[in-house]
Amino acid sequence: MNTDTVRPAVTALRLSAFKAHRGVTLPLTRLTLLSGGSGSGKSSALQAYEILARLGSGESLTRAVGEVAGSPAACVPAGARPDGQGRRGFRIGCTVDGPAGPVTLDLAVQAEPELRIVGERLTGGGETLLTTALTDPNRPAVQAAWYTAGATPVTRAPLPDDRLGTALLPLRVAGKTAGQRLVLAAAEQVVVALRSAFVCDPRPEVMREAGAGGTGEAGRGAGGGADGAEGAGRIAGPRRGGREAGSRGGGPGQPGGAGGAAGAWGTRNRNGSSGREAGGRARDAERARGEGRLRPSCDNLPAVLERTSQECARRHAVLVAAVREACAGPVEGLRAVPRPAGCGGEGAADAAVAAGPGGSPGPRAGAAGAPAVRAVLDRGALGELPVEQLGDGELRFLALALVLLTGPDVLAMDPVGEVPSAHQQMTVLADGMDRCLDPRQARELVSLALRMTERGHVRLLGTVRDPSVAEGVPGVQVLHLGV
């Protein structure tokens, strides 16, 4: 293995007991598509990946599960019976390849009667690098033991039961012995791979609302971003002392996101108010930065398109060529243009100024209010066509193609800022990749995804209803679920 060039990547997703899955391991390549009928578990596999990604980004277990699956009980396999204490749960994990070699992470999560991580295991280099276990149900902590290989074989200490212990290791391990350095390398590899995920689900209805001068929606990104790291130094504090109040503030180097390899962990007081205040400031800062980062629903596509067309003419030309193949009618160009006066543009944004703390002016509402630009297709002799007038399939194709042709700096995600981008690769999670697309559009999108994943900077895990869109395409792995 050439450890100088290998970028950390999730190469297997384990669904030991999660929703419809039991004892399932999904091997993941650069481009993996999951197919199967309704209820086969395609979407739930992506949900398990997103939960891991959010935990790797420093989010609390409550937020990671609640944002993705709706409720902890929804993650428990059907038919799972509670034990004598009424406890039920689920188990998920992954394998991450990279410079440290294959590293495996497995989690056991108690969903009922209270959500908590009751067991975690990290292995790599032929060693068990971290184990955690719930030893006292009355304490909001698990007993952790990590590999030291020094005068003391292992180090033991409590860790929070609502955080991923692997993501906390860089804050607890000194790195003085060879064993500690192995632990740090493995933990960083897992965190880098998990945090480099972007959940993408373009929603034509909100894209049209924003394109017509509405506000769209804020959306959310896997991996954190402005919704990123929450404070974790709460082992000895009261169980409910702000545990579920997420601080959306970021650490150094990543405004509104997690700063270090394991996230920058803020402190909270007993009632969690500092987390809420920091979260409000981070959200304000995120809005003030403008619309330059694409949200998962892609409702702010025009503003992002304005940025990307100026930053890279070559990739913009590739985007136009792809859209030309997917859209009906001629396409000679694609660009963002100023919104006509009176259509909910800058005038509305100027008027919607929020009052900040103490009566001071808050950030302009341009990011959260009506956009100042709209995206149009150049139809040549037929004139310009606002993209919100495209069909659902064409809109989803345009948004997904833009995601594949950009990178973490353009997407609302939070990769590890301290690791050079050349040592990372983004994983796009696209549920319903062929939703609303006709077979020709779906095949064109798969072809574009293959070309981009072959470059080594991006991976794709998607779901499709019709696996034939990838038939005969070398380099695409199709896994049939429910067979």
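General observations
- Among the residues listed as Ala197, Ala167, Ala222, the single one being under 30 Å from Leu294 (Cα atoms), surrounded by 24 or more Cβ atoms within 10 Å (Cβ to Cβ) and either more than 22 Å from the chain's Cα centre (by Cα) or at pLDDT below 95 (or both): Ala222
- Selection within region 441-483 - under 14 Å from Arg396 (Cβ atoms) and of a type in the set (Lys, Arg): Arg465
- When the criteria are applied in full, Leu159 fails the requirement of being surrounded by 24 or more Cβ atoms within 10 Å (Cβ to Cβ) and at pLDDT 95 or above.
- Residues considered: Gly362, Gly358, Gly366. Of these, the only one that is assigned to a strand (DSSP E or B) and modelled with pLDDT under 85 is Gly362.
- Some residue of region 91-102 being without any contact (Cβ under 8 Å) to a residue 60 or more places away in the chain, surrounded by fewer than 24 Cβ atoms within 10 Å (Cβ to Cβ) and outside any helix (DSSP H, G or I): no
- All strands (runs of 3 or more DSSP E) inside region 370-483 with 1 or more residues being more than 20 Å from Cys298 (Cα to Cα) and out of contact with any Asp or Glu (no Cβ under 8 Å at 6 or more places or on another chain): 477-480
- Number of residues in region 35-88 that are hydroxyl-bearing (Ser, Thr, Tyr), in a helix (DSSP H, G or I) and more than 16 Å from Phe198 (Cβ to Cβ): the value is 3.
- Unmet requirement for Gly417, which otherwise passes all of (1) surrounded by fewer than 24 Cβ atoms within 10 Å (Cβ to Cβ); (2) touching a Lys or Arg at 6+ places or on another chain (Cβ under 7 Å): (2)
- Any hit, region 380-395, residues being modelled with pLDDT under 60 and buried (at least 18 other Cβ atoms within 10 Å of the Cβ): no
- The one condition in (1) of a type in the set (Gly, Ala, Ser); (2) crowded, with 18+ Cβ neighbours inside 10 Å; (3) modelled with pLDDT of 50 or more that Gly272 fails to fulfil: (3)
- Any chance Leu445 is closer than 16 Å to Ala322 by Cβ and either under 22 Å from the mean Cα position of the chain (by Cα) or of a type in the set (A, V, I, L, M) (or both): yes
- Flag for Thr155 being of a type in the set (Ser, Thr, Tyr) and within 18 Å of Leu105 (Cβ to Cβ): no
- Matching strands (runs of 3 or more DSSP E) fully within region 109-154 where at least 1 residues are farther than 19 Å from Ile92 by Cβ and in contact with a Phe, Trp or Tyr (Cβ under 7 Å, 6 or more places away or on another chain): 127-133
- Number of positions in region 155-167 that are touching a residue at least 40 places away in the same chain (Cβ under 8 Å) and outside any loop (DSSP other than H, G, I, E, B): 6
Each row is one residue, and each column tells you yes or no for (1) among the polar types (S, T, N, Q); (2) surrounded by fewer than 21 Cβ atoms within 10 Å (Cβ to Cβ); (3) over 23 Å from Glu188 (Cα atoms); (4) at pLDDT 95 or above.
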site: Ser421; (1), (2), (3), (4): yes, yes, no, no
site: Thr427; (1), (2), (3), (4): yes, no, no, yes
site: Asp431; (1), (2), (3), (4): no, yes, yes, yes
site: Leu437; (1), (2), (3), (4): no, no, yes, yes
site: Leu448; (1), (2), (3), (4): no, no, yes, yes
site: Glu454; (1), (2), (3), (4): no, yes, yes, no
site: His457; (1), (2), (3), (4): no, yes, no, no
site: Leu460; (1), (2), (3), (4): no, no, no, yes
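- Residue list for region 50-64, filter: within 9 Å of the chain's Cα centre (by Cα) and hydroxyl-bearing (Ser, Thr, Tyr): Ser57
- Within region 306-320, the set of residues being of a type in the set (Gly, Ala, Ser), modelled with pLDDT of 95 or more and either crowded, with 19+ Cβ neighbours inside 10 Å or closer than 10 Å to Ala401 by Cβ (or both) is empty.
- When Ala401 is tested against (1) more than 30 Å from Ser421 (Cα to Cα); (2) small (Gly, Ala, Ser); (3) crowded, with 22+ Cβ neighbours inside 10 Å; (4) modelled with pLDDT of 90 or more, exactly one condition is not met: (1).
- Among the conditions (1) more than 15 Å from Asp431 (Cα to Cα); (2) modelled with pLDDT of 95 or more, Ala74 misses just one, which is (2).
- Enumeration of residues in region 12-42 that are in contact with a strand residue (DSSP E or B) (Cβ under 9 Å, 6 or more places away or on another chain), surrounded by fewer than 17 Cβ atoms within 10 Å (Cβ to Cβ) and not hydrophobic (A, V, I, L, M, F, W, C): Arg22, Gly23, Thr25, Pro27, Thr29
- Residue ID - surrounded by the most Cβ atoms within 10 Å (Cβ to Cβ), chosen from residues in region 294-305 that are in a loop (DSSP other than H, G, I, E, B) and not hydrophobic (A, V, I, L, M, F, W, C): Asp299
- Boolean, Ser71 is surrounded by fewer than 22 Cβ atoms within 10 Å (Cβ to Cβ), without any contact (Cβ under 8 Å) to a residue 40 or more places away in the chain and not acidic (Asp, Glu): yes
The values are calculated or read from the model by the stated rules, or taken from the named source; none is laboratory data. Keep in mind it's a predicted model, so treat the numbers as computed, not measured. Neighbour counts are summed over all protein chains in view; Cβ atoms, including those assigned to glycine, are modelled from backbone coordinates with ideal geometry.
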